Every structure is written in structure tokens, then in C-alpha cells.
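**Student:** Can you read through this structure? Questions will come right after.
Just so you know, all these numbers are worked out from the coordinates, no wet-lab data involved. Everything numeric in this text was worked out from a predicted model, so none of it was measured. Backbone-built Cβ (ideal geometry, glycine too); neighbour counts: all protein chains shown.
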Amino acid sequence: MSPKNDFEPIPFPKSGDWLAEHLETGQSFEDFVSIASAKPDIHRNKIYLQPLGDFIDGQSPSLEKLKAYTASYFMMDVEILPALPITGSNITSRINPYTRNRQILTSDVLTLLKKRRHPDAFCVLSITMEDLYPDPSWNFVFGEASNQDRVGVFSFARYDPVFYTEKRTKDFKQVLLRRSCKVLGHEICHMFSLAHCIYFHCMMNGSNHLQESDARPLHLCPVCLRKLQSSIGFDVVDRYQKLLDFYNTEGFENEAEWVSQRLKRILK
Ligand SMILES: [Zn+2]
Ligand SMILES: [Zn+2]
């Protein structure tokens, strides 16, 4: 079960990339074990997805698909909560002066999620097509989480070319789903106390911009997979098989090819 050939080293950072701007020393498996990392247990073992505002078919990723992906990636129960409306809620919003789009204040969402968290929640991720801001002095933010409280809010608004007044490509639906899956997977891994990865080209690499994030794979490297497996205790082969089904169903050809290759090598 050698990881040889299936994993590439992390690319050397170009100017503007995450590692060019952030000095990260890495988190080895031993480092990970030595911190009291958050683990699901018999009381808290469910991942909740909390839609915030509307998810319009054709403009947003399918919630059912995000649920299927999350369940396969983490091999845990995933539930989609009824959507929280923004109008009439106590969530602060503003109109961004540059984009003229409505934006939601992240801290208000995090407070609400903490208050409403189900007792059996391992974590709650709010997902939204609204743009976000963390503080009046900021232009925007892709998302914000409290990994300690295991709640977070993430926006997919800027994964749609229309946001930048660009045209949607033919494969728009798939691109949006892939980007959304990637951010969900990455952020939920943080809730299991996985830090950014500096060892391989891996979903847990930090990213500073959309291009860098798009270049990141959906898979975890051997170091990060070992951390996640030690927290959840899933069967690695079962997990790969479930992910393969998902990738095949969604036409994620490169990802399906990678997992098939990996499975062949593991099962040899
Ligand atoms: Zn991160
Ligand atoms: Zn990694």
C-alpha cells in the first residue's frame, strides 16, 4: 500500500500564493496526535449543513449532492437543515460599495449557529450563495469558522463567474459543484483539527485565491488521510469506493480516475 506515484509534492509557491505569504511549518501526524483533536463520539457524530438564504436550481450547487459528497468524504451521517431565511432574521447585512451586492456579517451567523446547534452535532457548516464580510472595514471574505465551536459559514457566491460579470461556461454546474465540495471538505477537515498541509499537493493546502484553490486536488495526501482516519475510524477502501461512486455519478473524470488508480494499487 505504498503511496508512491499517486501523490505529488506540493508545488513551489508562486508570488501571491498561500505559502509565499504565510509561513507554515506543517503539522505532522505526531503533532496532530499530541493535540487534543476533536473527534466524533456516540453523543456528537453528525455533520449538519445549514443553508442560509436561497439555493436556486441552476445557479447554486445541489444541496443533495453536497450532502452525498460530505457523507462519502467523512463517512458520517450528514443532515441538511431547513434553510434559514435572511430577510426578517437578526443577521446584519450591507450593500458592498464596489460590487453593489448584498453581504452578510459572518459573526452574526456564527452566533446563530452556536445557539441553534443540535446536541448530536459534531459540526455545523452554514453554506450560502450570499457574499460575506467579517468586519465593516473588510471588503469581503470567502468564509469564517470557529473551529473550537465547530461552526462555520462559507459562501459559494464568488465561485460563480457571474459574480465577476463573466459568462458561465458550459460546464458551469460541475465547476461550481467541484469548488463547493472542495471548500466543504477542506473546512470540515479543519474542524477535525487538521491544519494546512505542506507535504504534498493535497486538499488541505492553504490557498490565497481562486486559481490556487482550483489547482488543489480533492484528495487528501497520506499524512492528512491518516489524521482524518484516526479521528473517524472509517475503512479507507470503503471510503474510496463511495467517493468513486460520487465522482462517477457527477462526471468528475479526473477525480474518478485518481481514486480508481489508488484503489487498484491498494487492493493489489
Ligand atoms: Zn484552510
Ligand atoms: Zn495533506
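**Student:** Output the direction-averaged projected area (hull surface divided by four) of the convex hull of the alpha-carbon atoms of segment 59-147, in nm².
**Tutor:** 6.8 nm²
**Student:** Calculate I(q)/I(0) for segment 59-106 by the Debye formula, one identical point scatterer on each C-alpha and no solvent, and give its log10 at q = 0.16, 0.17, 0.32 Å⁻¹ to two decimals.
**Tutor:** At q = 0.16, 0.17, 0.32 Å⁻¹ the computed log10 ratios are -0.70, -0.74, -1.12.
**Student:** If you don't mind, there's one more thing I want to ask. Below 8 Å between Cα atoms, with a sequence gap of 6+, how large is the relative contact order for the chain in percent?
**Tutor:** After rounding, I find 24 percent.
**Student:** Would you compute the Debye intensity of segment 143-183 from its alpha-carbon atoms alone, equal scatterers and no solvent, and pass along log10 I(q)/I(0) at q = 0.20, 0.23, 0.34, 0.35 Å⁻¹ to two decimals?
**Tutor:** Listed by q, the Debye log ratios stand at -0.66, -0.77, -1.14, -1.16.
**Student:** When the convex hull of the Cα atoms of segment 157-218 is projected onto a plane and the area is averaged over all directions, what value comes out in nm²?
**Tutor:** Over all viewing directions, segment 157-218 projects a mean Cα-hull area of 4.4 nm².
**Student:** I need to check one value: relative contact order of segment 41-92, counting alpha carbon pairs closer than 8 Å and at least 6 residues apart, in percent.
**Tutor:** 50 percent
**Student:** Can you list the residues, at least 5 places off or on another chain, whose amide H is less than 5 Å from the amide H of F200, using H built in the peptide plane?
**Tutor:** Amide H to amide H, under 5 Å and 5 or more residues apart or across chains, F200 pairs with I10.
**Student:** Using the Karplus curve 6.51 cos²θ - 1.76 cosθ + 1.60 with θ = phi - 60°, work out ³J(HN,Hα) for each residue of segment 111-117 in order, rounded to whole Hz, and write x for Gly and Pro.
**Tutor:** Karplus-based 3J(HN,Hα) across segment 111-117 equals 4, 5, 5, 4, 5, 9, 4 Hz.
**Student:** Rg/Rh for segment 100-208: what does it come to with C-alpha atoms and Rh from Kirkwood?
**Tutor:** 0.98
**Student:** Let me ask something else about it. So if I place +1 on the C-beta of Lys and Arg and -1 on the C-beta of Asp and Glu, and nothing else carries charge, what would the dipole magnitude of segment 18-267 be about its Cα centre? I want it in debye, nearest 20.
**Tutor:** Taking the Cα centre of segment 18-267 as origin, the dipole is about 200 debye.
**Student:** How compact and how long is segment 18-267, expressed as Rg and Dmax of its alpha-carbon atoms in Å?
**Tutor:** Values for segment 18-267 (Cα only, Rg and Dmax): 17.8, 55 Å.
**Student:** Right, here's the next one. Ordered by packing density, taken as the mean number of other Cβ atoms within 10 Å over each peptide's residues, highest first, how do 247-254, 154-161 rank?
**Tutor:** Order by mean packing, descending: 154-161, 247-254.
**Student:** Here is a follow-up. Give the distance, in whole Å, between the Cα centre of segment 154-191 and the Cα centre of segment 40-98.
**Tutor:** Cα centroid to Cα centroid, the span is 14 Å.
**Student:** For segment 128-268, take every pair of Cα atoms, bin their distances at 10 Å starting from 0, and report each bin as a whole percent.
**Tutor:** Calculated P(r), rounded to whole percents: 10, 37, 36, 14, 2, 0.
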